[in-house]
Structures are given as structure tokens and as C-alpha cells.
1. If amide H atoms are built 1.01 Å from N in the plane of the peptide, which residues on other chains or at least 5 residues away come under 5 Å of the amide H of THR39?
2. With θ taken as phi - 60° and the coefficients 6.51, -1.76 and 1.60, list the Karplus ³J(HN,Hα) couplings across segment 19-30 in order, rounded to whole Hz; mark glycine and proline as x.
3. If the only charges are +1 at each Lys and Arg Cβ and -1 at each Asp and Glu Cβ, what is the size of the charge dipole of the chain around the Cα centre, to the nearest 20 debye?
4. I want to check the label-to-label distance for ALA562 and LYS347. Put each point 7 Å from Cα in the C-beta direction and report it in nm to one decimal.
5. Starting from the amide H of MET274, placed 1.01 Å from N in the peptide plane, find each other amide H under 5 Å away whose residue is 5 or more places distant or on another chain.
6. How do the peptides 482-491, 84-93, 552-561 rank, highest first, by the average count of neighbouring beta carbon atoms within 10 Å per residue?
7. Which of the GluC sites (Glu not before Pro) found in segment 3-77 are in a DSSP loop and have at most 14 neighbouring Cβ atoms, other than their own, within 10 Å?
8. From Cα pairs below 8 angstrom and at least 6 apart in sequence, can you work out the relative contact order of the chain, rounded to a whole percent?
Amino acid sequence: MKVLLIAINAKYIHSNLAVYDLKAYCQRYGEQIQLAEYTINQHSDDILMDIYRKSPQILAFSCYIWNIGMVKELGHDLKKILPDVPIWLGGPEVSYESEAFLQEQPWADGIMAGEGEKTFLELMEYYQEKKGRLSAIRGLIYRQNGQVCANPPRSVMNLDEVPFVYDRPERFEHKIMYYESSRGCPFSCSYCLSSIDKKVRFRKLELVKKELQCFLDAKVPQVKFVDRTFNCSRDHALGIWNYIREHDNGITNFHFEIGADLLDEEELQVLEQMRPGLVQLEIGVQTANPDTIHAIFRKMDLKRIEQAVARIHKNGNIHQHLDLIAGLPFEDIESFQVSFNRVYAMKPHQLQLGFLKVLKGSYMYEHAGEYGLVYKEIEPYEVLCTRWMSYEDVVRLKAVEKMVELYYNSMQFRYTLSWFVPKWESAFSFFSALAVWYEKKTPSMQSHSRLAAYQMLLQFLEERHPQEQKRARELLTMDLYAREKVKSRPQWAAAQDDYKEQFRSFYKKEEQNRRFLAHYEGILAKQLANMTHIEVFTQISEEKKVLLYDYRRRNPVTKEAAMTEIVLERV
């Protein structure tokens with residue numbers, strides 16, 4: 001029987017590790033099992049037609065918070081046009097309250113709850129070989145004779161038994177590759193489904209190293225570890241970090257979600273030795289409120305996080321992404337401002353201001369009434385208000401989030417923000433004021449082109465800091481050219497006409513004697529001027545500063561062009 005495993009990803013560059021795991025684990029049925037990956041950005045009609053054309057005899061969807069709406073829509077229509085095709089579901093979005101889901105969604109024939117590899121294999125044996133009974137397959141919730149039946153849950157498996165799915169990495173060209181070296185989480189954060197599975201299992205280190213070498217040999221751009229707290233086992237983390245450091249190919253980047261307060265001296269020293277861009281870290285801080293930390297069952301030493309983040313930041317070789325969650329118990333708007341300012345002060349490369357999602361199966365879901373959590377009825381079940389935070393507060397934070405995304409997380413305004421934000425009472429007050437100003441100027445908060453975003457920030461700064469208008473213009477110019485050599489010079493940038501002859505002289509000398517641009521070998525002066533940029537600044541320091549922007553040499557962490565201070569000779 002032809003089985004179609006379906007993944008609907010959030011973006012094209014994503015891949016779905018789960019469906020590849022299921023197919024690989026059922027290797028003996030490989031010819032009967034096909035994979036189909038789509039994205040939530042595609043039209044559901046196009047996906048529906050494509051599934052129909054594949055003529056499946058069994059359908060299985062991988063379900064997550066971002067795609068369950070589309071899965072439901074497709075499921076209803078697929079059952080109408082393929083009434084005799086069983087439709088099975090799996091994944092975190094259907095593994096909790098599974099019986100209720102089947103009652104509400106009559107098109108779904110069954111759910112594989114929890115870990116799916118062994119359950120799916122036994123389901124394939126049932127369909128492909130008419131072997132066994134559905135009632136004997138652990139982990140299934142299914143319909144039978146008009147009734148919803150729930151089998152006993154399946155015990156966790158040995159992670160070494162899961163096959164490696166990237167034996168042909170060329171199939172994942174232009175995609176992020178996801179890798180799993182552990183399952184489960186030792187912590188009990190009340191908002192997270194990973195806290196339910198406390199049986200942490202690790203893939204054998206020698207097996208992990210062998211598989212990592214496949215990525216390194218193929219020179220894939222990025223590998224994201226899906227381990228919930230990668231460094232919960234010190235020896236496991238050190239073994240992997242040492243391996244990728246010693247076998248670095250100069251290209252592949254590895255992403256890890258870690259507990260920064262768990263890092264010890266040896267781990268920090270290994271991280272300091274990494275090639276810039278080899279590793280990036282995602283660190284969930286979530287809150288700085290001690291009462292909130294206690295209420296959500298976090299085990300976190302915020303001071304140690306600050307120390308670890310500061311040390312990694314000082315070395316400048318690792319991209320750090322720090323998370324905050326708004327809408328947690330005991331966190332009001334004033335408390336959240338403190339959390340925001342404390343995380344901002346850590347100078348992460350990205351600060352994600354997220355909002356609590358009340359996930360089915362989580363402790364927060366079970367105690368929503370106690371905390372006064374009001375949240376959206378459909379995915380992503382995001383909080384609307386709590387006992388401590390009104391919807392008006394949430395709306396305010398949503399506006400701040402947009403400003404943080406546009407101006408901080410884009411990393412396109414680093415020099416401008418580093419000068420002006422400290423002039424405000426706090427980082428939060430700056431972004432909050434910017435958000436209010438933005439709303440007045442553009443009520444719909446519509447997206448802007450990159451140059452328009454620069455212009456908007458300049459207008460805000462000129463209004464709020466009129467005495468530093470020239471400095472604001474130069475800092476924005478510095479930021480702009482740090483990212484790219486724009487074709488049209490922005491209207492706010494100071495004219496450089498007085499220096500044109502000095503620029504020509506500089507490039508002519510570089511053509512004859514490579515002092516700064518040796519890696520542009522064979523390129524003539526005029527071409528050098530087109531491929532690099534020189535900017536003269538008179539307002540950002542006491543003395544005139546001249547910067548040469550080199551776009552062939554970029555910081556692997558910030559992606560900025562290399563900037564070298566030069567001296568222009570009189571002509």
C-alpha cells in the first residue's frame with residue numbers, strides 16, 4: 001500500500017526531521033513510503049491537488065502548532081475526495097488530548113501519540129502485511145466501530161536505534177538540516193511540552209561524531225540541534241563541541257539551544273576557541289522576575305547567565321540569541337520592563353520578545369484558570385491577558401516587539417542604537433517611545449523598505465535629540481554602509497564631493513601597492529572603488545575618521561563588512 005508522509009513546514013528552508021525519521025526507521029517498507037514536504041505559505045488548494053495526484057492509500061501528517069490549522073483544512077477536504085484513505089496524525093500538537101481531537105475532527109482516523117518510530121513501524125506492519133491488530137499497537141488513539149479507542153502509551157526508545165537520515169545530504173540543498181543527539185528534558189518549565197518527557201536519552205557520542213562528519217564532509221551551511229537543553233549533560237556537550245572545533249571545515253555552522261548558567265570553565269574555554277561563525281547559541285532567559293521563575297518551575301541562576309553571556313560576547317566569535325516570554329505568571333508590565341532591560345544589557349545579537357503560548361498538555365494549560373490566563377482558542381494559543389498583564393499591556397509589548405525586530409534584531413542599526421539607547425532612561429523606554437511614535441506616523445505599522453526604516457529612525461532621533469542631528473545622520477550612514485554598498489547614496493548622508501580626488505588617489509595607490517585590499521588581486525582602481533566604499537565621518541569622534549568598507553571580508557557573526565580606518569593623503 002502506498003503511504004504518504006506529509007510535512008507542512010513554516011518556511012521553505014526548513015525540513016521536517018520527524019517524517020524522515022519515520023521513513024528511515026521503516027526501511028523495509030521504503031518503496032511503499034513516500035515523503036511530501038510543503039509550507040504554510042503555499043495555497044491549500046495546491047497542496048490538496050498535489051496530494052490527490054500522488055494517489056496515496058494511507059496518509060500521515062506531522063502536526064505542529066504552526067501547521068495544525070492547515071492540516072485540519074486539508075484533512076476535511078481529503079476525506080471528501082479520498083473517503084477510503086485512512087488519515088493518521090502524529091506530532092506534539094495532537095499527542096495531548098488526542099481523544100478529544102478525534103471527537104472534534106471526524107475526518108481523522110487515528111493519532112500516533114508520543115515517539116512515533118516504533119508505533120509507525122507496527123502500523124505499517126498492520127497495513128502492509130495485515131499483521132496484528134490496532135488494539136495491540138501501543139501509542140495509538142483511533143476509531144473503531146464508531147468509538148474512539150486509546151491504547152496504552154509507548155515506553156521511550158533507545159535513541160541509538162533511530163537511523164541517520166542524511167546519508168544523501170544533496171537532497172537537502174538550500175535547507176536547514178536538523179539533528180537530534182538527545183531527547184527529553186531534565187527541567188520542568190511549566191509552559192513547555194518538553195517538560196513532560198523527563199526521561200532524557202542521549203545518542204551514543206561515537207555515533208554522533210560519525211554523523212556530524214557527514215555534515216562536515218558535505219560542507220552543509222547549517223545544522224540545528226533540536227536537543228531541548230543541549231548542555232544538560234556536560235560530557236555529552238563537551239564531546240560534541242570539541243569534535244566540531246577540531247574538525248571545522250570553515251563553512252558549516254552549528255546551532256545549539258543551551259542553558260547558559262550550566263556552562264563551566266572548561267566549556268567556556270572550548271567555546272572561546274571556536275572559529276567565528278562556527279557555533280551559534282540560543283539561550284532561553286524568559287524572565288528576570290524571581291517570583292515568576294519560581295512559578296514556572298525554572299531552575300535558573302540569572303547571575304551566572306549574565307556572566308557566561310558577557311564572557312562569550314567579549315570574545316566576539318559566537319552569535320547569541322536570547323529569549324524572553326511575556327505573559328508569564330507574576331510578570332506585570334513593570335516587571336517585564338525590568339526583564340527586558342536586563343536581557344538587553346547582556347548585548348545579545350538577537351533578543352526575541354515572545355509571548356506565552358498556552359500549549360495543550362503543559363502545566364500552564366492545566367492551571368490557566370488559576371493564573372487568569374486568557375488566550376486565543378486557535379493555534380498558536382497565544383496569551384491575550386493574565387491576572388498581572390492586561391490586553392492593553394500586551395498590545396503595547398507587541399508594538400515594542402516590532403521595533404525590536406526591525407531595529408535591533410536586524411543588526412542593521414548597531415552603531416546608531418549603541419549611541420542613542422543609553423541616553424534614555426532604559427532600553428525598554430527607548431523602544432516603547434519609538435513604537436508609540438511609529439504608530440502615530442504609520443497607524444497600520446506597515447512594513448517599510450530598508451532605506452525607509454533608516455529614514456524613519458532618523459526622523460525620530462532628530463525630533464527627540466535635535467542637538468545631535470548630525471551625529472545621528474553619520475551613525476546611520478555608518479550602519480548602512482556596514483551592510484552593503486548601496487547604489488544610491490541616501491539623502492541624509494553628508495556629501496563627500498570634497499574628498500573624491502583623495503578617494504581616487506587612494507584606490508590608484510592600492511592598485512599599485514596592495515596595502516589594505518590584497519585579496520582583490522588583479523582588480524583595477526576603478527573596480528576597487530565600485531567593490532568597496534570609503535566614508536569620511538566628522539561628527540562621530542573628536543577628530544575626522546575615514547573608514548574603508550571591505551565587502552569581501554565580513555564578520556561571520558554580525559555579517560558586517562570589515563571596516564578599516566585609513567588616512568587620506570592631500571591631493
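Please treat every number below as a calculation from the coordinates, not as lab data. Quantities reported herein were computed from a predicted structural model and do not represent experimental measurements. Reconstructed Cβ throughout: ideal geometry from the backbone, glycine too, with neighbour counts over all protein chains shown.
1. For THR39, whose amide H was placed from the backbone, the distant partners under 5 Å are ASN9.
2. 5, 5, 4, 4, 5, 5, 5, 9, 4, 5, 10, x
3. Dipole magnitude for the chain comes out near 1200 debye.
4. In this crude label model, ALA562 to LYS347 measures out at 2.2 nm.
5. Counting only residues 5 or more places away or on other chains, the set is empty.
6. Result, highest mean Cβ count within 10 Å first: 84-93, 552-561, 482-491.
7. GLU31
8. Dividing the mean separation by the residue count of the chain yields 8 percent.
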